[in-house]
C-alpha cells in the first residue's frame, strides 16, 4: 500500500465528550471538521460584503457543525436552529465552541484576529 493510500485510509476526525453544566449536565460529543466542512463553515460565515468573517455567524455555525449526540453520532443542531441557538447561554456554547476550536487547531489568537479583521472591514 502506498503512503497516499495509507493516509487516505486513516480516520483522522477527532472527538471529545464534554459536559454542559448549564444544560443540566448534558453530555455533548464535539467533533473536528473535515477539510470540506471547514471550508463550508468559513463560506457560511462571511459577512454581507464577502470581505471578512462575521464572528457571530462563526460562533453559532461552529456550534451547529461540531455538536453531536454521543449516542447516535448525529449532529444535534441544524441550520433551522440558528436563531434559537443565538438565544442560548453563552457559557454553555463556549464550552462546545472552544473545544471545537481546539480539536480543529484554531487558536484563540486566530479567532481574535478573524474578529478584528472582520470588525475593521465592517467599520470601513
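The numbers here are math on the coordinates, done by the rules we state, and not lab data. Fair warning: this is a prediction, and the values are worked out from it, not measured in the lab. As a convention, Cβ positions derive from the backbone with ideal geometry for all residues, glycine included, and neighbour counts pool all protein chains shown.
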- Item | Computed [θ] at 222 nm, helices only, for the chain once each DSSP H run of length n ≥ 4 contributes -39500 (n - 2.57) | -15500 deg cm²/dmol
- Note on the structure: Listed with the fewest Cβ neighbours within 10 Å leading, 28, 95, 60, 7 appear as 7, 95, 28, 60
- Note on the structure: Assertion target for 2, 66, 90, ordered by fewest C-beta neighbours within 10 angstrom first, is 2, 90, 66
- Among 11, 104, 44, determine the one that fluctuates most according to a GNM of the chain built with springs between C-alpha atoms less than 10 Å apart. 11
- Item | Backbone N under 19 Å from the residue 19 label point (7 Å along Cα→Cβ), restricted to the stretch 59-83 | 68-71
- Evaluate E = 1/(1 + (r/R0)^6) for residue 5 and residue 69, where r is the Cβ-Cβ distance and R0 equals 30 Å; express this FRET efficiency to the nearest 0.05. 0.40
- Item | Radius, Kirkwood style, for the chain when every pair of distinct Cα atoms is counted (Å) | 15.6 Å
